[in-house]
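Working notes for the structure below.
The values are calculated or read from the model by the stated rules, or taken from the named source; none is laboratory data. Since the structure is predicted, the reported quantities are computational estimates derived from the model, not experimental observations. So basically every Cβ, Gly included, is an ideal-geometry build from the backbone, and we count neighbours across all protein chains shown.
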Amino acid sequence: MPSPVLPPSQTSAQGSLTNTGATGSFKLLDVCKMALVKLGVYDPVETLEGQDAADVQAQANLLIDSWNTDRRFIYANQFWTGMLTPNLQPHLIGPQGTNGFVMNQRPVKIEDANILLQANGAPPYINAATVRCRVTVRQDKGKWWAAQLAPGIQSVLPTDMYYEEDWPNGSMYLWVVPTVAYPLEILFWTVLQQYRLTDTVFMPPGYLLAFVLSLAELIAPDFAAAWTPALDQLKRTALRRVQGPNLVSPRLGTCDAGIPGKRSGNRSNYNYLSKQFNT
């Protein structure tokens, strides 16, 4: 199972744009120079100076770090399966995680989780005999976990999880506390990796232009450069192309204002349009 952050590639820096052959693939040094060229700070034929390159590299990695916390920039989710340790609470996940949950960076957010039943006990865990048993991930910043009056109860099969985004390791609180070493499958946000100047930037289609223009806006004050309305429009358009495929519109339903819909048994029948209860 791959780690959530790819290792940096071993390449050398170049003073000019050096396309590596893949569509939209450049070294971070090239991306930094493109951002400065957009601002008019550098001429395309100039070589990026050492201190300027180091400063823009730092800002580029700050930008990536910020993007990793925003669902609009998360282009994919990733599966990870690790073996639970019986009678352990919590399970840590990250660089110093519990055995089976060691990864370069702890997940920003865990979307879903499952206990794998009838698995063969060793990777790959998914096979013809595997059955997923849902573990509900509580996305309420600890309110559900704080309401558990007996959080230490032990049993065979956990049914719920609270994920605390500690740093540098996240904490997975399972309820009930598992007494059997079942495989736990989690689904979490894939993170964008950070780069050295010599690394090739690998991003999905559309990201590179959004990255260059967002970086240009971020560093403009540092180089006393003007951020023009034209550049701002280009950046907004590039961001919309990136963020659109990453967002899912919520499914809405209503019984008010004459719109038909299915009402659950515990839902109020108050009509906000008429200010009366429906009979």
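Okay, here's what the table says:
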item: For residue 216: the one exception among (1) buried (at least 18 other Cβ atoms within 10 Å of the Cβ); (2) assigned by TED's automatic domain parsing to the domain that holds residue 41; (3) farther than 21 Å from residue 42 by Cα; result: (3)
item: Count of residues meeting criterion [on the phi > 0 side of the Ramachandran plot and not in a loop (DSSP other than H, G, I, E, B)] in the range 85-106; result: 1
item: Matching residues, the range 148-168, being surrounded by 20 or more Cβ atoms within 10 Å (Cβ to Cβ) and touching a residue at least 40 places away in the same chain (Cβ under 8 Å); result: 158, 161, 163
item: Scope the range 32-62; condition touching a Leu at 6+ places or on another chain (Cβ under 8 Å) and either over 19 Å from residue 224 (Cα atoms) or outside the structural domain of residue 220 (by TED's automatic domain parsing) (or both); matching residues; result: 62
item: Any hit, the range 163-183, residues being over 17 Å from residue 90 (Cβ atoms) and not hydrophobic (A, V, I, L, M, F, W, C); result: yes
item: Odd one out for residue 64, checked against (1) under 19 Å from the mean Cα position of the chain (by Cα); (2) in a helix (DSSP H, G or I); (3) surrounded by fewer than 18 Cβ atoms within 10 Å (Cβ to Cβ); (4) in contact (Cβ under 8 Å) with a residue 12 or more places away in the chain; result: (3)
item: Test: residue in the range 204-220 that is of a type in the set (S, T, N, Q) and over 23 Å from residue 99 (Cβ atoms); result: yes
item: Residue pairs meeting the criteria (Cβ under 7 Å; at least 6 apart or on separate chains; first on the phi < 0 side of the Ramachandran plot, in the range 210-234; second aromatic (Phe, Trp, Tyr) and at pLDDT 95 or above); result: 217/227; 220/227
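Okay, residues lined up against (1) exposed (fewer than 15 other Cβ atoms within 10 Å of the Cβ); (2) among the aliphatic types (A, V, I, L, M); (3) on the phi < 0 side of the Ramachandran plot:
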{"site": "32", "(1), (2), (3)": "no, no, yes"}
{"site": "38", "(1), (2), (3)": "no, no, yes"}
{"site": "50", "(1), (2), (3)": "yes, no, yes"}
{"site": "55", "(1), (2), (3)": "no, no, yes"}
{"site": "74", "(1), (2), (3)": "no, yes, yes"}
{"site": "83", "(1), (2), (3)": "no, yes, yes"}
{"site": "108", "(1), (2), (3)": "no, yes, yes"}
{"site": "117", "(1), (2), (3)": "yes, yes, yes"}
{"site": "126", "(1), (2), (3)": "no, yes, yes"}
